[in-house]
Each structure stands twice: as C-alpha cells, then as structure tokens.
Amino acid sequence: MVPSQSAVVSVANEVKRDDHVSVSLEIAPSATTGRGADGYITTGHDSRLGQVINNLIDNARSFSNDGSEVRVNLRRAKNTGRTGHVEDGIEIIVDDDGPGIPAHAFERIFERFYTDRPEQGFGQNSGLGLSISRQIIEAHGGKIWALNRIAHGTEGQIAGARFVVWLPSS
Ligand SMILES: Nc1ncnc2c1ncn2[C@@H]1O[C@H](COP(=O)(O)OP(=O)(O)OP(=O)(O)O)[C@@H](O)[C@H]1O
Ligand SMILES: [Mg+2]
C-alpha cells in the first residue's frame, strides 16, 4: 500500500496543470512496528486502491484555490470492521482548503451520478468517482466518509473538506 501511496502522490505532483496546487504526503511513524512507512500494510488490489486515492486527490484539487495545497496523511487507527469488532487499521486522509461539503450532501455525494460543482460544463463530471471509491473500499472491508474541517478559533467556519479512508491492516 505504501509504495502505491507515494507513487500516487508523486504522479499527482508531476501531472502539470494550471492550478499550481501541490500535493503533499505525510506518513505518521508506525507505533506498533516502529518501522515508519513499512508498518503500513493492507491486503488488496493495488491499482484499485490507487484509483480511490487518485479520485480523492482529483476532487480535492478541483475544489482548491490556485496555489493551495492538498495534503494526504497516513496513520494508524482503529475502527469497527466487518466482524462488528474494533479492528486495527490504517487511515488515509485527504484534506483540502476548499469550500467544504454542504451539510445536506454528506451522504449524497457517495451516490451514483451525484455531482454538484460550480461552473459545471455539460457532461464534464459523471458523479461516479465517489460511489466507485466507496464500492472499492467496502470490497476491501473498509470504510470511506467525508467531513468538513473547522477553522481553529472560529464557531464553525469551514476550513476545507476531509475525506477519510479506513482499511483493515494485515
Ligand atoms: N473535496 C471536495 N470538496 C467539496 N465537495 C466535494 C469534494 N469532493 C467531492 N465533492 C462533492 O461530491 C460530488 C461527487 O463527487 P464525485 O467524485 O463522485 O463526482 P464528480 O467529481 O463530480 O464527478 P467524477 O468524479 O465522475 O468526474 C462532487 O460533485 C462535489 O459536489
Ligand atoms: Mg470526482
């Protein structure tokens, strides 16, 4: 998983676009193994998981202002797995500094064909990216969800969107 993570982020940075948005990757030291990035292993379909991260980075990028940053973070986290028990796993977090997600849309954005973008050209976005991403993650026994980050010291001012992918670790 980790090699594909780094690969996805470096490819995202290499693809030249006019938006000047950079993509950063931060990997928390792995507490259980002390081996840093080596400690993050999940079993799965490498290119499918890469596709999910790519989707999230593409979305984050498209909602970012020119010159801002999209941050990808990897850390360990527990969550309720397929068995209904709390399991060890890894979390991949994609943050942007864009407008965030409207309150009415948190679950709808994962529905097929749901797309809501300012300046949407006809037929440009299918609204399939997140629903496919959810299918892929759930097929790996994981979860994907969205939230808005709140700016420090404010009463609810949105600092940007956060997408979290949790996958059981192997
Ligand atoms: N980072 C984000 N910030 C704000 N809204 C987002 C973000 N990512 C997704 N969304 C919202 O979720 C909707 C669905 O996203 P999804 O990736 O499924 O479709 P899309 O990007 O519009 O189309 P496609 O991925 O098929 O090109 C988006 O149209 C947008 O309204
Ligand atoms: Mg998309």
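No lab work stands behind these numbers, since they all come straight from the coordinates. Not measured: the values here are computed from a predicted model. With ideal geometry, Cβ positions are generated from the backbone for all residues, glycine too; neighbour counts draw on all protein chains shown.
Points worth noting:
- Efficiency of FRET between HIS85 and GLN135 - r from beta-carbon atoms, R0 30 angstrom, step 0.05: 0.80
- Selection among GLN157, ILE136, ILE57 by position relative to the dipole of segment 37-170 gives ILE136 as farthest towards the positive end (Cβ unit charges, Cα centre).
- Taking all C-alpha pairs of segment 58-102, those more than 15 Å from each other amount to 56 percent.
- Dipole magnitude of segment 75-130 about its Cα centre (Cβ charges: Lys, Arg +1; Asp, Glu -1), debye to nearest 20: 240 debye
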